[in-house]
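This report refers to the structure that appears directly beneath it.
The values are calculated or read from the model by the stated rules, or taken from the named source; none is laboratory data. Every value quoted in this text rests on a predicted model; they were computed, and no experiment measured them. Here Cβ is always computed from backbone atoms with ideal geometry, including for glycine, and neighbour counts include all displayed protein chains. For accessibility, only protein heavy atoms count, side chains too; no ligands or nucleic acids. Shrake-Rupley method; radii C 1.70, N 1.55, O 1.52, S 1.80 Å.
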Amino acid sequence: MLVLLIVGGKASHSYGTFLLATGSGFAVWFVVEYFTHRFLFHLQLRSRIGQALIFMLHGNHHVQPNHPLRNLMPLGLSIPLAGLLWAGGVMIGGMGNGGCFVAGFIMGYVIYDVVHYACHQFPMRLPVLRSIKKHHVQHHYVAPESNFAITAIFLDRVFRTKIH
């Protein structure tokens, strides 16, 4: 990720565009996280193949939410996906803006992964972290059709999917 920022930063036209592109990618990640979790990972498919795919993507995590190997996306999937995103970002926005946008997006993803793993594996004693953990645990144990955001929990209020 640091390499992506350095490469993108060197290709940026200015410090301002570097910050704008990186910050935009970072912000977009959290919206993508919410919509992916809500509409892809909880998709109700009728076919056996579709159901098996959704189970492999996310359903197994709901069956064993505290299993440490089910809290993170495997590197064998996330690294090639990051490469595809990087290539797409550079094709669309160039090495500077596109690269920085994707680097910001990946930073958001890494923060999400760390926070999600911590929600399931650690006590999270700081008030803001405890609030995030409570929000996510409710998704697993109270209402899986609610509380889809993991890191940007305000999005569940915005999209009216927060447990009241």
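Structure above, values below:
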| item | result |
| --- | --- |
| Among residues of the stretch 14-31, those that are open to solvent by 50 Å² or more (accessible area, probe 1.4 Å) and either in contact with a Gly (Cβ under 8 Å, 6 or more places away or on another chain) or not in a helix (DSSP H, G or I) (or both), counted | 4 |
| Enumeration of residues in the stretch 56-73 that are open to solvent by less than 80 Å² (accessible area, probe 1.4 Å), of a type outside the set (Gly, Ala, Ser) and in a helix (DSSP H, G or I) | LEU57, HIS58, ASN60, HIS61, HIS62, PRO68 |
| Flag for LYS162 being touching a Cys at 6+ places or on another chain (Cβ under 6 Å), in contact (Cβ under 8 Å) with a residue 12 or more places away in the chain and not hydrophobic (A, V, I, L, M, F, W, C) | no |
| Residue in the stretch 149-159 that is out of contact with any Ser or Thr (no Cβ under 9 Å at 6 or more places or on another chain), open to solvent by 70 Å² or more (accessible area, probe 1.4 Å) and in contact (Cβ under 8 Å) with a residue 12 or more places away in the chain present | yes |
| Hits in the stretch 116-135 (condition: closer than 15 Å to ILE153 by Cα, surrounded by 17 or more Cβ atoms within 10 Å (Cβ to Cβ) and not basic (Lys, Arg)) | HIS116, CYS119, ILE132, HIS135 |
| Residue check, LEU43 surrounded by 12 or more Cβ atoms within 10 Å (Cβ to Cβ), of a type outside the set (Asp, Glu), under 14 Å from the mean Cα position of the chain (by Cα) and modelled with pLDDT of 90 or more | no |
| Flag for GLY76 being in a helix (DSSP H, G or I), open to solvent by less than 40 Å² (accessible area, probe 1.4 Å) and free of Cβ contacts under 8 Å to residues at least 12 places away in the same chain | no |
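Listed here are the residues, each with its yes/no results for (1) modelled with pLDDT of 95 or more; (2) not charged (D, E, K, R).
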{"residue": "LEU69", "(1), (2)": "no, yes"}
{"residue": "PRO74", "(1), (2)": "no, yes"}
{"residue": "GLY93", "(1), (2)": "no, yes"}
{"residue": "GLY99", "(1), (2)": "no, yes"}
{"residue": "PRO127", "(1), (2)": "yes, yes"}
{"residue": "GLN138", "(1), (2)": "yes, yes"}
{"residue": "ARG157", "(1), (2)": "yes, no"}
